[in-house]
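The values are calculated or read from the model by the stated rules, or taken from the named source; none is laboratory data. Note that this is a predicted model, so its numbers are computed, not measured. Positions of Cβ are backbone-derived with ideal geometry, glycine not excepted, and every protein chain shown enters the neighbour counts. Calculation scope for accessible area: heavy atoms of the full protein, side chains included, ligands and nucleic acids excluded. Shrake-Rupley method; radii C 1.70, N 1.55, O 1.52, S 1.80 Å.
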Amino acid sequence: ETGVTQTPRHLVMGMTNKKSLKCEQHLGHNAMYWYKQSAKKPLELMFVYSLEERVENNSVPSRFSPECPNSSHLFLHLHTLQPEDSALYLCASSQDVRVSTNEKLFFGSGTQLSVL
Amino acid sequence: AQKITQTQPGMFVQEKEAVTLDCTYDTSDQSYGLFWYKQPSSGEMIFLIYQGSYDEQNATEGRYSLNFQKARKSANLVISASQLGDSAMYFCAMSLSGNEKLTFGTGTRLTIIP
């Protein structure tokens, strides 16, 4: 069993749909993250949660809505997306929010999202 | 603001040869960390190796070593005796002390040729 699990692996949605991405970590970590990975661009940090509280929202459009009901689960709710939102969405966790430079992230396999 | 630059979009290397993946970084902070991650076609980002800015020795983890040249602000990844399973995207990343953000480069696609 991998430490960070993401579902679904692939998602195709229309611009008027509402869907949710799910992430679960089994590592006992206190911090969870959403990253967006587009082709030929660096990974973009979207949201950071520490002990279920959002600590960073990196200027992400409101059509992306995160939810962290507990320290093991993280959701990304999607509505009225645009084609340019098509990307790989990666969830990650770490023991704590990065108070030291060697705090490493553990990633899931991502959800490949296509918006038509 | 911090920035990571990976200038090699793709590399082809013969199996069993060593390979060096380039990474340069830019920050005015004195305390920072440098990471390398591997992303196979499955999508998962796998942590490979870490180097702290105050570490005097280059980091090593099995076949991976990090050639840390602080004055040049470079943190190249060296993979010795490459294997077919090393074919993947490789990302260099940097963290700053007390900062939640891990900044990534654009990655290098490594292909190992049998």
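Under the classification rounded if a/c is under 1.5, otherwise prolate if a/b is larger than b/c and oblate if not, where does the stretch B:1-99 fall, given a ≥ b ≥ c as square roots of the Cα gyration tensor eigenvalues? Provide the component values of the computation, followed by the final result.
Numbers: a/c = 1.90, a/b = 1.64, b/c = 1.16.
Since a/c reaches 1.5 and a/b is larger than b/c, the shape of the stretch B:1-99 is classed as prolate.
Between the DSSP loop rule and a limit of at most 13 other Cβ atoms within 10 Å, which GluC sites (Glu not before Pro) in the stretch B:53-114 are left? Present the calculation step by step, with values, prior to reporting the outcome.
Numbers: sites: B:E56, B:E61, B:E100; in loops: B:E56, B:E100.
Answer by residue number: B:E56.
Using a 1.4 angstrom probe on heavy atoms only, work out the carbon and sulfur share of the accessible area of the stretch B:11-80 in %. Before the final figure, lay out each step's value.
Working: 1590 of 3600 Å².
About 44 percent, which is the carbon plus sulfur part of the accessible surface.
R0 = 30 Å: FRET efficiency of A:E44 with B:L84, Cβ-based, nearest 0.05? Walk me through the numbers before you get to the answer.
Details: r = 31 Å, r/R0 = 1.03.
Here the calculated transfer efficiency is 0.45.
Can you list the residues in the stretch B:89-106 whose accessible area drops by at least 40 Å² when all protein chains are present, compared with the chain alone? Use a 1.4 Å probe, heavy atoms only.
SASA drop of 40 Å² or more in the stretch B:89-106: B:E100, B:K101, B:L102, B:F104, B:T106.
Between B:Q57 and B:Q14, how high is the FRET efficiency from 1/(1 + (r/R0)^6) when r is the Cβ-Cβ distance and R₀ = 22 Å? Nearest 0.05. Don't jump to the answer; show the numbers that get you there.
On the way: r = 29 Å, r/R0 = 1.34.
In this case the efficiency is close to 0.15.
Cα-based count: Lys pairs in chain A below 20 Å, eight or more positions apart or different chains? Display every interim value, and only then the final one.
Numbers: A:K18/A:K36; A:K19/A:K36; A:K22/A:K36; A:K36/A:K104.
Pairs that pass both the separation and distance tests number 4.
If you take the accessible area of A alone, add that of B alone, and subtract the area of the pair, what total do you get in Å², probe 1.4 Å, to the nearest 100?
Working: alone 6360 and 6310 Å², together 10760 Å².
For chain A against chain B, roughly 1900 Å² becomes buried.
Which of the aspartates and glutamates could be linked to B:K16 by a straight reach, that is with a Cα gap under 19 Å, when you skip same-chain ones fewer than 8 residues away?
Answer for B:K16, where 19 Å is the Cα cut-off: B:E61, B:D86, listed by chain and number.
Calculate, for the stretch A:14-80, the solvent-accessible area per residue in square angstrom, rolling a 1.4 angstrom probe over the heavy atoms of the protein chains.
Value for the stretch A:14-80: 50 Å² per residue.
Can you pull the mean other chain C-beta count within 10 Å for peptide B:38-44? Mind showing how you got there, number by number?
Numbers: counts 0, 7, 1, 0, 4, 11, 10.
That average works out to 5.
Name the longest site-free stretch of chain A, where the excluded sites are trypsin sites (Lys or Arg not before Pro) in a DSSP loop with no more than 14 other beta-carbon atoms within 10 Å.
Values: sites that count: A:R9, A:K40, A:R63.
After excluding every exposed loop site, the longest remaining stretch is A:64-116.
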